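Worksheet: the structure to be examined is printed underneath.
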Amino acid sequence: RKGDEVEVMRGEFKGKRGKIVRIDTKKYRVYIEGVKRKKTSGAEVLVPIHPSNLKIINLNLEDKERLKALERKGK
């Protein structure tokens, strides 16, 4: 979920931590701040990462509905 802090567990950016900036539900990819690649034009772009290669470090608990759901599940 946007705002959660995650750590990359696999691939080129293994060990990097950052907050989720954007989620692409069609391509099933997550974009994390600080995980960027330079294009040939010199511009920096966020690198899409599959969510199975991520570990959640901190949840974004600003959403009251999400808090209620977590309490219902007993976590």
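The values are calculated or read from the model by the stated rules, or taken from the named source; none is laboratory data. Note that the structure is predicted; figures quoted are calculated from it, not measured. Reconstructed Cβ throughout: ideal geometry from the backbone, glycine too, with neighbour counts over all protein chains shown. SASA here: full protein model, heavy atoms, side chains in, ligands and nucleic acids out. Shrake-Rupley method; radii C 1.70, N 1.55, O 1.52, S 1.80 Å.
Is it the case, given these coordinates, that L61 is surrounded by 12 or more Cβ atoms within 10 Å (Cβ to Cβ) and not hydroxyl-bearing (S, T, Y)? No. Selection of region 28-49 for residues being open to solvent by 60 Å² or more (accessible area, probe 1.4 Å), closer than 17 Å to R1 by Cβ and out of contact with any Leu (no Cβ under 9 Å at 6 or more places or on another chain) yields Y28, R29, P48.
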